[in-house]
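> Encoded as structure tokens, here's the structure I'll be asking about.
The values are calculated or read from the model by the stated rules, or taken from the named source; none is laboratory data. Computed from a predicted structure; not experimentally measured. Every residue, glycine as well, gets a Cβ built from its backbone with ideal geometry; the counts of neighbours run over all protein chains shown. These area figures cover heavy atoms from the full protein model, side chains too; ligands, DNA and RNA do not enter into them. Shrake-Rupley method; radii C 1.70, N 1.55, O 1.52, S 1.80 Å.
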Amino acid sequence: MSKRDLVKKQIGKGAMQCFEKFGLDKTTLEDIAQTVGLNKASLYYYYKNKEDIFVETALREGEDYILALQGRAQQKKGIENQVAYYMQARFKYYMKVLNMNRVSTDTLHKILPRFFELYDALMNREKRFLSELIRHAIGKGELAQASPVQIASVLINISDALKHAAEQMAILKRDADVDYARSLQDMKLLVSLIFRGLKK
């Protein structure tokens, strides 16, 4: 890892501590610089603004987490347990990292285009992972013939839609906290229904 990458990682770690403590909107570049032990001018050498720090750091941490999660999911017994474990754990992770109810609409509009540009690549890797799990289960005769790619896509897309729906509801109701309990229950039911239909 280059010196630049090491400093960016250090900035990201300090920034995420500030975001968790103050929220993205209330965190300033001065807060981040003070936490990291740099001056504010030095931060501009690495990042244009705090939103770029948030997006890049959240997705880098997300990639590390998802890679480790995939390894844990593969250790579960049976395809339904593997997928259910994976989907619930990723949902809870993104729920924590992307707690959008703590972000103003203006800030959300700033970060979402860049976030989704980077997130799209990670999501495609997640879909490939799930489709491989499903393809392997079909090969073992655990599941009936189906389209692993399509099933993986449905799982990821509906999971994200459930999470976003809960966040939008909180924003509309001006609730300080997002209640994800129903979305998690719906995700669990979705996995159960899909694999009930696919089991031989």
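> Residue check, residue 42 against (1) over 16 Å from residue 60 (Cβ atoms); (2) open to solvent by 10 Å² or more (accessible area, probe 1.4 Å); (3) in a loop (DSSP other than H, G, I, E, B), all met but one. Which one?
(3)
> Go through 95, 187, 123 for me and flag whichever is open to solvent by less than 40 Å² (accessible area, probe 1.4 Å), under 13 Å from the mean Cα position of the chain (by Cα) and not β-branched (Val, Ile, Thr). Even if it seems obvious, please write down each step before you answer.
Working: 95 fails: open to solvent by less than 40 Å² (accessible area, probe 1.4 Å); 187 fails: under 13 Å from the mean Cα position of the chain (by Cα).
Of 95, 187, 123, the one residue that is open to solvent by less than 40 Å² (accessible area, probe 1.4 Å), under 13 Å from the mean Cα position of the chain (by Cα) and not β-branched (Val, Ile, Thr) is 123.
> Additional query: Since residue 52 meets every condition but one in (1) over 22 Å from residue 94 (Cβ atoms); (2) in contact (Cβ under 8 Å) with a residue 24 or more places away in the chain; (3) touching a Lys or Arg at 6+ places or on another chain (Cβ under 8 Å), which condition does it not meet?
Condition not satisfied by residue 52: (1).
> Something else: Quick one: how many residues across segment 64-80 are surrounded by fewer than 14 Cβ atoms within 10 Å (Cβ to Cβ) and either of a type in the set (Asp, Glu) or at negative phi (or both)? Let's see the steps before the verdict.
To start, the set of residues in segment 64-80 that are surrounded by fewer than 14 Cβ atoms within 10 Å (Cβ to Cβ) comprises 64, 67-68, 71-72, 75, 77-78.
Remaining after also requiring either of a type in the set (Asp, Glu) or at negative phi (or both): 64, 67-68, 71-72, 75, 77.
Number satisfying all stated conditions: 7.
> Name the residue, out of 162, 118, 130, that is assigned to a helix (DSSP H, G or I), modelled with pLDDT of 95 or more and closer than 25 Å to residue 58 by Cβ.
130
> Checking the condition under 21 Å from residue 85 (Cα atoms) and either assigned to a helix (DSSP H, G or I) or β-branched (Val, Ile, Thr) (or both), which residue from 193, 172 passes?
Working: 172 fails: under 21 Å from residue 85 (Cα atoms).
None of the others qualify; the one that does is 193.
> When the residues of segment 169-184 are filtered to those that are of a type in the set (A, V, I, L, M) and loosely packed, with under 11 Cβ neighbours inside 10 Å, which remaining residue is nearest to residue 152 (Cα to Cα)? Break it down into steps so the answer makes sense when it comes.
The first filter runs over segment 169-184 and keeps only residues of a type in the set (A, V, I, L, M), leaving 169-172, 176, 178, 181, 184.
Okay, now just the ones that are also loosely packed, with under 11 Cβ neighbours inside 10 Å, so 172, 176, 181.
Details: 172: 30, 176: 33, 181: 22 Å.
So the residue we want is 181.
> Just one of 27, 57 is in contact with a Phe, Trp or Tyr (Cβ under 6 Å, 6 or more places away or on another chain), open to solvent by less than 70 Å² (accessible area, probe 1.4 Å) and farther than 30 Å from residue 143 by Cβ; which is it? Spell out the reasoning first.
Numbers: 57 fails: in contact with a Phe, Trp or Tyr (Cβ under 6 Å, 6 or more places away or on another chain).
Checking each option against the conditions leaves just 27.
> Could you count how many residues in segment 133-159 are surrounded by 16 or more Cβ atoms within 10 Å (Cβ to Cβ) and in a helix (DSSP H, G or I)?
Initially, segment 133-159 is screened for residues surrounded by 16 or more Cβ atoms within 10 Å (Cβ to Cβ), giving 133-135, 137-138, 142-143, 148, 151-153, 155-156, 158-159.
Filter once more, so that each one left must be in a helix (DSSP H, G or I): 133-135, 137-138, 148, 151-153, 155-156, 158-159.
Final tally of qualifying residues: 13.
> Just to be sure before I move on: is residue 21 open to solvent by 30 Å² or more (accessible area, probe 1.4 Å) and in a loop (DSSP other than H, G, I, E, B) in the structure I sent?
On the way: open to solvent by 30 Å² or more (accessible area, probe 1.4 Å): yes; in a loop (DSSP other than H, G, I, E, B): no.
Criteria not met by residue 21.
> A follow-up question, please. Please work out if residue 166 is crowded, with 19+ Cβ neighbours inside 10 Å and within 19 Å of the chain's Cα centre (by Cα). It would help to see each step written out before you state the result.
On the way: crowded, with 19+ Cβ neighbours inside 10 Å: yes; within 19 Å of the chain's Cα centre (by Cα): yes.
Spelling it out, residue 166 is indeed crowded, with 19+ Cβ neighbours inside 10 Å and within 19 Å of the chain's Cα centre (by Cα).
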